[in-house]
Amino acid sequence: MELFTYAKVGEPAPYFEMLSTKNTDKLDKVVTLDDYKGKWLVLFFYPYDFSFVCPTEILALSDKYEDFLALNTEVLGVSTDSTYSHRAYLRTPQDQNGIEGTKYPLASDHTHEVAEAYGVLVEKEGAALRGLFIIDPEGVLQYSVVHNMDVGRSVDETLRVLEALQAGGLCGANWKPGDDTL
């Protein structure tokens, strides 16, 4: 598997191939960038399963999952934790700091190659920063935002940016769906 040295907006997204929770019983389903051709993809990295900020983001994205699907967009969460940890996280009730009910899969970047390719790996910790990437149906990286581990991302802003990218025009500051493009 050939990985680019870093992710760059306007360039092909770095290829990935990771085990996922698409089948939580067997944990044998691999996801690749190619699986999402013809669709938009919100690929997001988070530091750790069973942490404090991570479930707020994962669940917020899950709450809006149908909005993403309506925009021909899939969502894939990634951390450096194992698929076994992901499965336990997905099966743990929300009132116990789990993410039970999450509507999209999580992938395991246990080799750290994907987090490194997307520029979000914190090598000393073996964990990812909060990176969120929007990849278009042709596999081109169109949006990138990276936060430190302590600050969650806005799902509403992610949806706004996705819709702006899909609008096909120049979208000024604070553009919202339904607004004219420039």
Looking at (1) surrounded by fewer than 16 Cβ atoms within 10 Å (Cβ to Cβ); (2) without any contact (Cβ under 8 Å) to a residue 40 or more places away in the chain, which is the only condition Val161 fails? (1)
For region 96-153: of the residues being in contact (Cβ under 8 Å) with a residue 12 or more places away in the chain and part of a helix (DSSP H, G or I), which is surrounded by the most Cβ atoms within 10 Å (Cβ to Cβ)? Val114
Kindly indicate the residue of region 164-182 that is surrounded by fewer than 18 Cβ atoms within 10 Å (Cβ to Cβ) and in contact with a Ser or Thr (Cβ under 7 Å, 6 or more places away or on another chain) and also modelled with the lowest pLDDT among those meeting that condition. Gly169
Can you tell me which of (1) at pLDDT 95 or above; (2) within 22 Å of Val155 (Cα to Cα) is the one Ala7 doesn't meet? (1)
For residues in region 84-102 being closer than 29 Å to Val161 by Cβ and among the β-branched types (Val, Ile, Thr), which is nearest to the chain's Cα centre (by Cα)? Thr102
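The values are calculated or read from the model by the stated rules, or taken from the named source; none is laboratory data. Bear in mind the structure is a predicted one, so any value in this text is a computation, not a measurement. For neighbour counting, all protein chains shown are included, and Cβ atoms are generated from backbone atoms with ideal geometry for every residue, glycine included.
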